[in-house]
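Read through the structure below, which is laid out as structure tokens, and then see the notes.
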Amino acid sequence: MVSASSERYVASTVAQSVKILVVGAFGVGKTTLIGSVSEIAPLRTEETMTSASVGVDSLAGLDDKATTTVAMDFGRITVTPEVVLYLFGTPGQRRFWDLWEGLAEGAVGALVLIDTRRIEDSFEVFDQLEMRTGIPFAVAVNEFSDAPRYAPEQLREALDLLPETPIVMCDARHRESSAQALITLVEHALDNTKALT
């Protein structure tokens, strides 16, 4: 993997670019994950939360949250000298979900970030992903320090996931952990592509 201080431009050896969505409910760590793993300064469309979101965006368990993504996050990571991932983070609030279709166009898969402190917030995200995109996905559990821990099979049952859907644990603040979650997704998407051919 290329270091965070790598070149601004894609290396001449890159032969394939892959578009990945990073999705999840409000406040699960999508912006943090993209920021931790991107080798370029990530594009962020974060705005300060105002009183207009009171009663609309639940801040339960998110005491320190002061900003929110209103359009998308964007980052890039080179995973091999030949392959680069372009990461598109979606907003978590339902009122911005119309953006998902455009962001999903051309994506090979989605990394669904979840927070086990607020697992019920993820149900609508999975519905949205399946209805609007139809692309393969993997689940990454962002392990907040005060979050309950569950075995992957417990999560699979609670989220009603297919047996082949990968579930990985990650810490969105750490580059290696975030990169491994993305690699798991790419491997799953490649397996899906092979199964269809």
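The values are calculated or read from the model by the stated rules, or taken from the named source; none is laboratory data. Keep in mind that what you see is a predicted model, and the values were worked out from it rather than measured. Please note: Cβ atoms are built from the backbone with ideal geometry, for glycine as well, and neighbour counts cover all protein chains shown. Ligands, DNA and RNA are stripped out before the accessible areas are found, and what is left, the full protein with its side chains, is counted by its heavy atoms. Shrake-Rupley method; radii C 1.70, N 1.55, O 1.52, S 1.80 Å.
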From (1) open to solvent by 50 Å² or more (accessible area, probe 1.4 Å); (2) charged (D, E, K, R); (3) in a helix (DSSP H, G or I); (4) more than 16 Å from G27 (Cα to Cα), pick out the condition that doesn't hold for E164.
(3)
Would you pick out the residues in segment 134-185 that are over 20 Å from V83 (Cβ atoms) and among the hydroxyl-bearing types (S, T, Y)?
S145, Y150, T165
Where Y150 falls short, out of the listed (1) more than 15 Å from the chain's Cα centre (by Cα); (2) among the aromatic types (F, W, Y); (3) open to solvent by less than 80 Å² (accessible area, probe 1.4 Å):
(3)
Condition first: farther than 27 Å from G102 by Cα, in contact (Cβ under 8 Å) with a residue 12 or more places away in the chain and of a type in the set (A, V, I, L, M). Can you find one or more residues in segment 131-140 that meet it?
no
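Of the residues L159, L155, which is touching a Phe, Trp or Tyr at 6+ places or on another chain (Cβ under 7 Å) and among the hydrophobic types (A, V, I, L, M, F, W, C)? Can you show your working first?
On the way: L155 fails: touching a Phe, Trp or Tyr at 6+ places or on another chain (Cβ under 7 Å).
Residue meeting the stated conditions: L159.
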Look through A195, A147, A172 and report the one residue that is modelled with pLDDT under 95 and either touching a His at 6+ places or on another chain (Cβ under 9 Å) or outside any helix (DSSP H, G or I) (or both).
A147
Taking segment 12-34 only, how many residues are touching a residue at least 24 places away in the same chain (Cβ under 8 Å), assigned to a loop (DSSP other than H, G, I, E, B) and at negative phi?
6
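Please enumerate the residues belonging to segment 105-131 that are charged (D, E, K, R) and crowded, with 16+ Cβ neighbours inside 10 Å. Don't jump to the end; show me each part of the working.
First, the residues of segment 105-131 that are charged (D, E, K, R): 105, 115, 117-118, 120-121, 124, 127, 130.
Result: D115, R117, R118, D121.
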Let me spell it out: the conditions are (1) within 16 Å of G29 (Cβ to Cβ); (2) in contact (Cβ under 8 Å) with a residue 12 or more places away in the chain, and V108 meets all of them except one. Which number is the exception?
(1)
